[in-house]
Amino acid sequence: MDVSAKKVAILVDNYFEQPEFTEPLAALKKAGVAVTVVGASTKNLQGLQHVDKGEVFSADLLLEDASSADYDALVLPGGAINADHLRMNPKAQAWVREFIDEGKPLAAICHAPWLLVSADVVDGRTLTSYHTIQDDIRNAGGQWQDQPVIIDDNLITSRQPDDLPQFNDALLTMLAHS
């Protein structure tokens with residue numbers, strides 16, 4: 001499964017769930033994928049280990065300077081605060097719509113599907129997320145299921161950090177076939 005020619009953006013804002021950022025990043029880099037960390041509002045990014053502050057990371061690029069045309073896929077880590085900030089960001093919403101509309105893989109875990117709801121891309125789709133936002137997904141016209149990973153066309157969704165091995169495998173498999 002050669003994905004070494006692929007370019008993937010990971011979009012985050014402050015207070016993301018750290019393993020949902022670091023583990024996909026490591027899996028993609030191990031596979032030889034060129035990864036760009038895109039900060040929604042700042043290049044200095046604070047991770048969280050659930051509710052405790054984690055490490056600080058640096059974005060390679062700000063969202064305002066990024067173009068979806070430069071990437072083959074988009075990864076959206078979760079974390080309630082991160083996802084809540086991203087869902088209210090019009091550029092982040094537009095970016096999600098561009099990846100979905102162009103048929104590029106988009107992988108969202110935990111609370112990240114909140115951005116999909118606000119970007120109006122869940123209607124008629126089947127997905128999963130952290131269980132506390134299932135009502136938001138259903139109210140936006142999506143079908144929510146409690147499974148580790150759900151693939152619906154070019155959209156990969158997952159529930160929580162425990163599902164990261166399946167999430168990463170699904171992402172790498174989809175990248176290899178896109």
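When the stretch 51-69 is filtered for residues that are in contact with a helix residue (DSSP H, G or I) (Cβ under 6 Å, 6 or more places away or on another chain) and not polar (S, T, N, Q), the ones remaining, listed by number, are Gly54, Leu63. Pairing each residue of the stretch 54-72 that is acidic (Asp, Glu) with any residue that is at pLDDT below 95 and assigned to a loop (DSSP other than H, G, I, E, B), provided the two are 6+ apart or on different chains, yields C-beta distances under 8 Å for Asp72/Ser178.
Pro165 falls short of the stated requirement of being farther than 19 Å from Val3 by Cα, surrounded by fewer than 23 Cβ atoms within 10 Å (Cβ to Cβ) and not aromatic (Phe, Trp, Tyr). Highlighted here are the helices (runs of 4 or more DSSP H) found entirely within the stretch 25-130 that include at least 2 residues which are acidic (Asp, Glu) and surrounded by fewer than 21 Cβ atoms within 10 Å (Cβ to Cβ): 90-101. In this entry, Asp146 passes the filter for residues that are assigned to a loop (DSSP other than H, G, I, E, B) and farther than 18 Å from Ile10 by Cα. Quick one: is Gln143 in contact (Cβ under 8 Å) with a residue 12 or more places away in the chain and either basic (Lys, Arg) or over 23 Å from Ala27 (Cβ atoms) (or both)? In short, yes.
The values are calculated or read from the model by the stated rules, or taken from the named source; none is laboratory data. These numbers were taken from a predicted model, which means no experiment stands behind them. For neighbour counting, all protein chains shown are included, and Cβ atoms are generated from backbone atoms with ideal geometry for every residue, glycine included.
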